[in-house]
Amino acid sequence: MAREKSSKDNAQALFNSLRSAYAVTPVNLKIIDLYVGFAVFTALIQVVYMATVGSFPFNSFLSGVLSCVGTAVLAVCLRIQVNKENKEFKDLPPERAFADFVLCNLVLHLVIMNFLG
Amino acid sequence: MARSLIGFMVLLLFLSTCEASPIYQPISVCHRSAALVHFSPDHGSFKSLEETYEALRTFDVLGIQKKPNVTATACRLISEAVGSSSSTPKDLFYALKANSVAKCKINDKVFQGIITRLNAAVNDASSLLDFHYSVGGLVLVKSSKPDVHLANADGIFRSVKAFSQGDGKWRYSSNNPESSAFAAGIALETLAGIVSLASSELDQSLVSTLNNDISKLFDSIEKYDNEVLYFDVMLGDGHDHQGPLATTSSIVRGLTAFAALPGNKILGLANFFLGVGVPGDAKDLFNQIDSLACLESNRQGFPLALLMVSIPLILFLPSTVLSLTKKDSLQVKVNTVLGLNPPPLTVKLVGAFTSGSKDASLVESQELGFDAGTGLHNLNNLPKSIDVGSYTFVFEIVLHKPEDEKVYVTGGQKKVPVFVTGLIKIENAEIAILGSDLGSIETQKKLDLAGQSAVSLSANHLRKLRVSFKLTTPHGLAFNPHQVLLKLRHESKVEHLFVVGNSGEQFEIILNFLGLVEKFFYLSGRYDIELTVGDVVMDNSLLRAIGHIELDLPEPPEKAPRPPPQPVDPYSRYGPKAEITHIFKAPEKRPQKELSFAFLGLTFLPLLGFLFGLYRLGVNLKNFPTNTVAATFAVLFHVGIGAVLLLYVFFWLKLDLFQTLKLLGLLGVFLVFVGHRILSYLAATSAKLKSA
């Protein structure tokens with residue numbers, strides 16, 4: 001019982017520490033995280049829909065899911081490059097990273113639109 | 001003009017109805033209309049003197065009245081030819097020949113001129129045709145001027161005789177080796193003319209040498225059907241290819257001129273010319289009519305024609321099919337070849353024989369009654385011994401006056417095939433289905449073959465089908481027609497034919513289906529039954545569908561023969577083909593609209609969540625550049641991104657990839673430029689802040 005309580009307490013403590021650590025992240029990173037979450041959720045909804053009604057226009061399903069996943073991936077890349085704590089990209093101006101993000105997204109979506117059918 | 005055209009068309013129509021008859025019939029109305037059609041002058045005149053002569057001679061022999069303008073134009077042509085000093089002997093010859101028919105007036109001076117010219121032509125002649133025209137012309141002049149003579153007749157006779165080859169054929173000239181029988185006729189005519197023109201008697205030995213040539217000519221005569229004699233084009237006749245009609249015609253003219261036609265050959269030659277029927281062109285018609293006139297006429301204007309030419313008499317039946325039902329009577333007509341009335345005579349029916357049998361005659365020898373009004377010899381009631389069938393009747397002509405026998409040739413007994421038709425009685429017609437036991441009758445129905453009724457039967461393979469009937473002739477005798485057939489036709493068009501056998505009058509056929517199962521290809525179903533009873537002497541031949549039978553046959557075994565494929569209508573190849581039913585993939589099951597819209601709404605939820613989250617984070621636009629230029633660029637940057645996204649929407653909706661890429665290129669350049677400006681400005685601003 002005490003162990004249960006302690007594991008529950010442990011989980012709670014872990015969660016709280018994560019929450020507090022997260023609170024100090026800069027706002028722009030939080031925006032990016034939110035964007036990633038939005039993309040992933042959209043993808044999930046599409047998967048659930050496909051599971052419900054069948055994958056008939058499979059190319060459409062793929063392009064939808066890939067659009068979400070792709071843009072999430074690009075957003076993650078942007079977060080890595082914009083994060084000041086990341087020493088690797090110290091010399092890269094965040095505007096440049098943002099420009100890359102926008103460009104890659106546009107190319108991704110061109111391909112997606114072509115594949116959408 | 002229109003009237004003559006209509007008249008011409010009427011003649012042509014009439015001519016088309018004249019058929020060639022297998023029995024040799026004398027000249028008839030058909031020949032007259034043919035003459036009018038073939039010898040119709042072009043604007044009243046003929047193309048040449050030769051054609052003028054042929055037309056006039058044909059009209060004269062056939063007794064056709066010439067139109068006055070035809071004679072007038074003919075006379076004009078003739079007088080032109082005889083008056084002109086540049087006419088060739090050929091022109092003079094044909095002009096004089098035409099004149100002998102047209103009888104135009106030619107004055108003495110012209111005659112003298114002609115005589116001089118022709119005499120000169122005779123002396124200058126080198127080929128057979130030269131001699132023919134010049135001598136022939138002089139002979140024609142002699143009929144008006146009896147004191148015309150030929151000097152040196154002996155020498156000229158020898159010159160023409162030199163053209164003979166000795167085998168019956170004559171050459172046209174001494175340096176041309178071609179020879180023909182046609183030339184023989186021309187030569188004989190020329191030689192006869194020389195004999196008649198000689199001022200003193202020719203050496204008889206010369207004339208008698210011709211007998212050899214004439215007999216050689218007769219050696220080459222051809223025979224046909226035991227009744228027809230003619231001279232054919234002999235082998236190696238070279239370029240001068242005249243047909244048998246022209247060749248025989250020329251020889252008849254030549255021999256008649258010499259009066260050397262033997263009496264026994266006249267009828268055969270007459271049959272040849274009559275057998276031609278109505279010739280198809282003018283030259284053939286002239287040859288036919290002229291030769292028949294030669295055969296018929298006693299005198300040709302040559303003193304040598306004494307008593308050798310005999311007139312053939314033609315016996316024929318206007319109808320060789322006699323119907324017992326209509327009570328036709330046997331009618332016989334006798335005419336000369338040109339269709340003129342014969343001397344008083346009687347026709348005797350010597351005998352009647354069934355075709356192909358050598359039994360005794362079925363009738364006694366009897367005379368036929370003569371009807372002076374119609375010119376027909378009748379036998380009003382056919383003897384009782386003549387039933388339906390095909391017979392050969394034998395006739396004989398008996399002349400009343402004994403002196404006519406020297407002048408006319410009757411040809412002895414003449415055999416004529418005659419068909420006697422009548423109604424055949426079909427009685428006791430029955431159709432029955434028999435059981436497998438002997439004599440057991442399952443179904444029996446009477447057949448009404450005269451009516452339209454149809455019977456309907458059914459049987460299986462253990463049964464038999466029997467069809468029986470009785471056939472009798474009008475005189476009550478048994479009759480065996482040429483065709484008595486029973487046909488069974490399946491619904492799939494497969495047919496089977498059976499011959500119905502007979503014993504005497506009774507005809508019967510029994511089809512045992514047990515033995516026929518394989519022949520019928522094991523096809524069960526409905527079979528239509530058709531009966532055919534036919535013969536040429538039946539007035540009531542029948543081909544009737546008498547009903548149908550439902551046959552139940554066993555299943556075909558593995559190796560059973562398949563029925564032969566039925567002929568396909570050849571034109572169905574070009575007709576429409578069968579409709580093709582395409583097999584499409586069944587469309588996928590699509591979800592309901594409501595479900596799809598629900599999920600569409602659900603997709604927007606994360607977006608709303610994102611926007612809510614942004615609000616919670618306190619996102620604001622405070623960092624938006626205040627600098628006007630920078631602000632413009634910032635705005636343009638966002639507009640550019642928005643434009644690209646809009647382009648993508650259009651790409652999905654309407655555009656194709658290439659159009660999109662084109663526009664994307666333009667927009668991209670713009671976006672890159674604008675983006676670079678604003679982002680570099682922002683970077684510069686933040687760097688300044690950092691360093692500050």
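No lab work stands behind these numbers, since they all come straight from the coordinates. It should be emphasised that the depicted structure is a prediction, and the values quoted were computed from it without experimental measurement. Cβ: placed from backbone, ideal geometry, glycine included. Neighbour counts: every protein chain shown.
In what order do B:Trp652, B:Trp170 fall by count of nearby beta-carbon atoms within 10 Å, going from fewest to most? Present the calculation step by step, with values, prior to reporting the outcome.
Numbers: B:Trp652 14, B:Trp170 27.
Result, fewest neighbours first: B:Trp652, B:Trp170.
Largest first, the three principal axis extents of the alpha carbons in the range B:382-487 are 80, 23, 23 Å in whole numbers. Extension gain for B:Phe584-B:Val321 works out to 87.5 nm (0.36 nm per residue, less the C-alpha to C-alpha distance). Of B:Asp359, B:Asp328, the sequence from fewest to most neighbouring Cβ atoms within 10 angstrom is B:Asp359, B:Asp328.
Estimated at 0.36 nm per residue, the fully extended path between B:Glu227 and B:Asn212 surpasses their Cα-Cα distance by 2.9 nm.
Regarding chain B, what's the average projected area of the Cα-atom convex hull, expressed in nm²? The partial results should precede the final answer.
Working: hull surface 292.0 nm².
Over every viewing direction, the Cα hull of chain B projects on average to 73.0 nm².
For the range A:24-115, the C-alpha radius of gyration divided by 2.2 N^0.38 Å, with N the number of residues, is 1.25. Our compactness index for the range B:625-685, the C-alpha radius of gyration over the empirical 2.2 N^0.38 Å, is 1.29.
Note that the range A:9-22 has calculated 3J(HN,Hα) couplings of 4, 4, 4, 5, 5, 4, 4, 5, 5, 4, 4, 5, 5, 5 Hz, one per residue in order, obtained from phi through the Karplus relation 6.51 cos²θ - 1.76 cosθ + 1.60 (θ = phi - 60°); glycine and proline are x. Semi-axis lengths, largest first, of the ellipsoid equivalent to the range B:130-230 are 26, 16, 14 Å, with √(5λ) applied to each eigenvalue of the Cα gyration tensor. Using only Cα atoms and rounding to the nearest 10 degrees, what angle (0 to 90) does helix B:593-617 make with the longest principal axis of chain B? The helix B:593-617 is inclined about 30 degrees to chain B. Applying the Karplus relation 6.51 cos²θ - 1.76 cosθ + 1.60 with θ = phi - 60° to the range B:145-155 yields 3J(HN,Hα) values of 10, x, 8, 7, 10, 10, 7, 6, 4, 3, x Hz, where x marks Gly and Pro. Binning the alpha carbon pair distances of the protein assembly as shown at 10 angstrom intervals from zero yields the distribution 2, 9, 12, 10, 8, 7, 6, 5, 5, 5, 6, 7, 7, 6, 3, 1, 0, 0, expressed in whole percent.
Can you tell me which of A:Leu66, A:Leu103, A:Leu14 moves the most in a GNM of chain A? Springs connect C-alpha atoms under 10 Å apart. Taking springs between Cα atoms under 10 Å, the residue moving most is A:Leu14.
Evaluated on the range B:19-300, the Kirkwood hydrodynamic radius is 19.5 Å, with distances taken between all distinct Cα atoms.
Across all directions, the shadow cast by the convex hull of the range B:425-564 built on its C-alpha atoms averages 9.0 square nanometres.
For the range B:19-300, averaging the sequence separation of C-alpha pairs within contact (under 8 Å, six or more residues apart) and dividing by the residue count gives a relative contact order of 20 percent.
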